[in-house]
1. How long is the gain from residue 99 to residue 20 if the chain were fully straight, where each residue apart is worth 0.36 nm and the alpha carbon distance is subtracted?
2. Pick from 126, 146, 51: which residue has the top mean-square fluctuation in a GNM of the chain where Cα pairs under 10 Å get a spring?
3. Give me the extension gain from residue 30 to residue 84: residue separation times 0.36 nm, minus the current Cα-Cα distance, reported in nm with one decimal.
4. If you find the alpha carbon centre of segment 105-163 and of segment 62-85, how far apart are they in angstrom?
5. With the calculation restricted to Cα positions, what are the radius of gyration and Dmax of segment 45-137 in angstrom?
6. What number, in nm² with one decimal, is the all-direction average of the projected area of the convex hull of the alpha-carbon atoms of the chain?
7. What distance in nm separates the two pseudo spin-label positions at residue 133 and residue 178, each 7 Å out from Cα along the beta-carbon direction?
8. With label points built 7 Å along Cα→Cβ from the Cα atoms of residue 108 and residue 147, find their separation and express it in nm.
Ligand code: SF4
Ligand code: SF4
């Protein structure tokens, strides 16, 4: 979702990265208890430099992680589609918003519109997003580690550590800071 179009890697790095994605869930699960404990502390303390630390680690992670070699977020989870997203995309496909909803979306337990199935129907085999310029806001903002008021997004960040290798790296590095 947070497609970070950087220069492509050579083959051995791609293979290593693929294996890393496969083991990400296990590694994140092992680290989860410590992550949650730290995030609980950070939610209470709200360190004044928390956003800066997150943003620096976010930049560092995406200097070497290429979303086009990953797309794990697009393959495994759905963004929320807001009314604005739906209107924009229905215009793009020249169909009514209702038809767009019928074709692609369902309502989840939180009463939000999400994709009917994963991987995302708009994800190409080359990991490119076919609606990139019109993608949902949630896709633009993913993985949310460069947002403001990160203390409000720590639960989400802990969850995303099992999906996004960049978030996992950031959460592991942040343990060395606080
Ligand atoms: S709309 Fe594009 S960026 Fe968003 S989940 Fe689908 S493929 Fe990924
Ligand atoms: S899971 Fe993270 S690294 Fe992978 S494509 Fe999504 S934002 Fe990029």
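1. Values: separation 79, 0.36 × 79 = 28.44 nm, distance 3.86 nm.
That pair, residue 99 and residue 20, stretches by 24.6 nm at full extension.
2. Of 126, 146, 51, the Gaussian network model singles out 126 as fluctuating most.
3. This chain segment gains 15.6 nm when fully extended.
4. Here the two parts' Cα centres lie 5 Å apart.
5. 16.2, 49
6. With the hull built on Cα positions only, its mean projection is 10.9 nm².
7. Spacing of the two 7 Å Cα→Cβ label points: 4.0 nm.
8. Label-label distance for residue 108 and residue 147, simple model: 1.2 nm.
Values in this text are rule-based calculations from the coordinates and carry no lab data. Quick caveat, the model's predicted, so the values are computed rather than measured. Don't worry about glycine lacking a Cβ; one is built from the backbone with ideal geometry, like all the others, and counts go over all protein chains shown.
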